[in-house]
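What follows is a single structure, written as structure tokens, with notes after it.
The values are calculated or read from the model by the stated rules, or taken from the named source; none is laboratory data. Everything numeric in this text was worked out from a predicted model, so none of it was measured. Counting neighbours? That spans all protein chains shown, and the Cβs are built from the backbone with ideal geometry, glycine included.
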Amino acid sequence: MQDDRSVMEKMFDNPPPKMGVPDAKDIARVSLSRIPCSHEDLESHLQKYVDLIKAAGANEARIISARDIPQDPRVILKCYTPKCPAFGACGGCPPHYKVTFQEAKEFLGAYKWAIVYRVDIPKEGLNYLTGPGSLDYYRTKEGRHRLGSFQRYCFHMGHEVERAAFYDGHYFAINAASDPVSLPFVRSLTPARQLKAAFVDSQLFQS
């Protein structure tokens, strides 16, 4: 178990990735895995990914059916009313991200399994992410570094699993962004009162 100080350093003070050509060992290679894999192999792979996410720092992770993930078109309204500060400023948010609700349902329907994982945020770390002064803080050099570090820490776990899944032959595995649709599953992982102190993300698997 990592102490809060160690987690704080990894979560809010990690260096950005180096620019340039990656090392040969980091370049994606063609997988020799059998496609589709057997049910036994898939179970083994999914458990391996859960262990990988936990080893990377997630506090808990679970395998669920992708068909059990609820979807609600009202979530889209939260981008507009009241307008989120990230609206129009983030490539993954409206209006830049133009996938409709029906298209999103179709995409999700193509997957069978998902791994949902939770990363608890130390109480001290919430000072960097929430509160009336957080937007002004993000405009500072230190604030951008803290926010970027947090995003790298959390999303990197999913990226590592997506990479491992690709090498195992699950070419359509994807690291899905954190989203309110995941919250019902988080309630089964942690008391509801702790939801504001946790980051939620998920991995989708087709096989």
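So which residues in segment 48-82 are surrounded by 13 or more Cβ atoms within 10 Å (Cβ to Cβ), out of contact with any helix residue (DSSP H, G or I) (no Cβ under 8 Å at 6 or more places or on another chain) and closer than 14 Å to TYR117 by Cα, if there are any at all? Listed by number, the residues that qualify are VAL50, LYS54, ASN59. Could we say that LEU108 is more than 19 Å from the chain's Cα centre (by Cα) and assigned to a helix (DSSP H, G or I) here? Criteria not met by LEU108. Contact map, segment 45-66: first residue touching a residue at least 24 places away in the same chain (Cβ under 8 Å) and closer than 21 Å to PHE150 by Cα, second residue in a helix (DSSP H, G or I) and of a type in the set (Lys, Arg), Cβ cut-off under 6 Å, separation 6 or more or different chains; pairs are ALA61/LYS54. Please determine, by comparing only the residues of segment 54-107 that are among the aromatic types (Phe, Trp, Tyr) and closer than 24 Å to PHE172 by Cβ, which one is modelled with the lowest pLDDT. Here the residue is TYR97.
Just one of (1) modelled with pLDDT of 85 or more; (2) surrounded by 11 or more Cβ atoms within 10 Å (Cβ to Cβ); (3) not small (Gly, Ala, Ser); (4) not in a loop (DSSP other than H, G, I, E, B) fails for ASN14. It is (4).
Listed by position, the helices (runs of 4 or more DSSP H) enclosed by segment 120-207 that each have at least 3 residues that are at pLDDT 85 or above and buried (at least 16 other Cβ atoms within 10 Å of the Cβ) are 141-167.
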